[in-house]
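The values are calculated or read from the model by the stated rules, or taken from the named source; none is laboratory data. This one's a predicted model, so the numbers in the text were calculated from it and none came from an experiment. Cβ coordinates were reconstructed from backbone atoms using ideal geometry, including for glycine residues, and neighbour counts include every protein chain displayed.
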Amino acid sequence: HVGTLGNEKADYASRTASIPIEHTIPLAIPKSVQHYIFNKWQETWDLQVNNKLHRIKPSVVLWPIFPIRGFDVQLTRLRIGHTWYTHIHLLSGDSVPLCTSCNEVQTVDHILTKCPDFNSSRLNFFKTAILDMNDLVGEIPHPNLFAFLWVIGFLFRI
């Protein structure tokens, strides 16, 4: 392929990609720029009123990460409302799953806070049957959340 213009350009690009950069790239962003970007991010986030996560997390301030990665992933899925159980119908072509006791759409919010089938478990783990998602999966998740999910059989369906 020697002498072919496109190949010569590709060879040159390949060779020069491995040459160390001699120019420094400034990583320190002035505080005023950081503040501006953060404010723009918050303004954009404030417009996301129909977003499931926005209801739980109205601020773009970073939340602490759960120390066990698997639980952190499950917590994130619960927060955004995207679990295997509640979304598998999108891949399989089935209809939206409905609750067998109250015929409501099976959403994370319904399962965790509204379904009457789990009222006794809610009372047992959270000392109340009246909860909202922020109580369970907010910035500081409820300490009994994963035990509750285990007992109601939802932990491995996330």
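Tally up the residues in region 127-142 that are under 23 Å from the mean Cα position of the chain (by Cα) and not acidic (Asp, Glu), please.
Of the residues in that region, 9 qualify.
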Inset, instruction - Considering each residue of region 65-75, count those that are aromatic (Phe, Trp, Tyr) and in a helix (DSSP H, G or I), and give that number. - result: 1
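Matching residues to (1) modelled with pLDDT of 95 or more; (2) in contact with an Asp or Glu (Cβ under 9 Å, 6 or more places away or on another chain); (3) among the polar types (S, T, N, Q):
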| position | (1), (2), (3) |
| --- | --- |
| GLN74 | yes, no, yes |
| GLY81 | no, yes, no |
| SER95 | no, no, yes |
| THR100 | no, yes, yes |
Legend entry - Residues of region 29-64 that turn out to be in a loop (DSSP other than H, G, I, E, B) and of a type in the set (Gly, Ala, Ser), as a count: 1
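Rundown of residues vs (1) more than 17 Å from LEU155 (Cβ to Cβ); (2) charged (D, E, K, R), yes/no style:
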{"residue": "ARG55", "(1), (2)": "yes, yes"}
{"residue": "LEU78", "(1), (2)": "no, no"}
{"residue": "HIS89", "(1), (2)": "yes, no"}
{"residue": "ASP94", "(1), (2)": "yes, yes"}
{"residue": "GLN106", "(1), (2)": "no, no"}
{"residue": "ARG122", "(1), (2)": "no, yes"}
Inset, instruction - Pairs only if they're at least six apart or on different chains, beta carbon under 6 angstrom, first in region 118-135 and without any contact (Cβ under 8 Å) to a residue 12 or more places away in the chain and closer than 25 Å to ASN51 by Cα, second exposed (fewer than 14 other Cβ atoms within 10 Å of the Cβ) and not charged (D, E, K, R); list them, first residue then second. - result: ALA129/ASN119; ALA129/LEU123
Inset, instruction - Determine if region 38-52 includes at least one residue that is at negative phi, surrounded by 10 or more Cβ atoms within 10 Å (Cβ to Cβ) and at pLDDT below 90. - result: yes
